[in-house]
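Structure first, then comments.
Just so it is clear, none of the values below were taken in a lab; they were calculated from the coordinates. As the structure is a prediction and not an experimental result, all values here were calculated from the model. FYI the Cβ positions are ideal-geometry reconstructions off the backbone, even for glycines, and counts take in every protein chain you see.
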There are 2 protein chains.
Amino acid sequence: MKAHVWVMLKSTVLDPQGQTIQRALSSLGYSTVQDVRQGKFFVLALGGLSREEAQTQVARIAKDVLTNPVIEEFRFEILE
Amino acid sequence: MKAHVWVMLKSTVLDPQGQTIQRALSSLGYSTVQDVRQGKFFVLALGGLSREEAQTQVARIAKDVLTNPVIEEFRFEILE
């Protein structure tokens, strides 16, 4: 079983890395790109769990380990 | 219009960051997580493009700017 986890800065938090990419793209001629936000993406391989257990466990891992709750938010999906 | 871009290390490339997270999770009691791969996720806001133009432009941006083709691969989707 696999899980995908997305961790993004909250939309109220400034993303300087994304802004830098946006400016770089603009200077390369891609001026149609108005905004860039960068986040992290994790692929977890899980063994020996039911779908419900995986759901609970990945939610806890994303919340407690992968995300800084002060500035970030997460979403996840369970596959297979 | 928005685009989502995922950039991951090629599956043949070692992911030490993912391995570190996997070991950290294991030491925290999450031993059901057998493997972790970490990648980057970008949300691009695009203006004044048709869906076809966006498709072409985001493919080029992902290939030329966001991805290091030696060790990384990408996929993307266009939204709205």
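Here are a few things to note about the model shown:
- Count of the stretch A:30-59 residues which are more than 7 Å from every other protein chain (Cβ to nearest Cβ) and assigned to a loop (DSSP other than H, G, I, E, B): 2
- Among (1) assigned to a strand (DSSP E or B); (2) more than 10 Å from chain A (Cβ to nearest Cβ) - the single one B:VAL7 does not satisfy: (2)
- Taken over the stretch A:12-29, the criterion of being free of Cβ contacts under 8 Å to residues at least 24 places away in the same chain, surrounded by fewer than 19 Cβ atoms within 10 Å (Cβ to Cβ) and assigned to a loop (DSSP other than H, G, I, E, B) is satisfied by A:THR12, A:LEU14, A:LEU28, A:GLY29.
- Filter pass, A:LEU79 being more than 17 Å from B:GLN34 (Cα to Cα), in contact (Cβ under 8 Å) with a residue 24 or more places away in the chain and more than 9 Å from every other protein chain (Cβ to nearest Cβ): no
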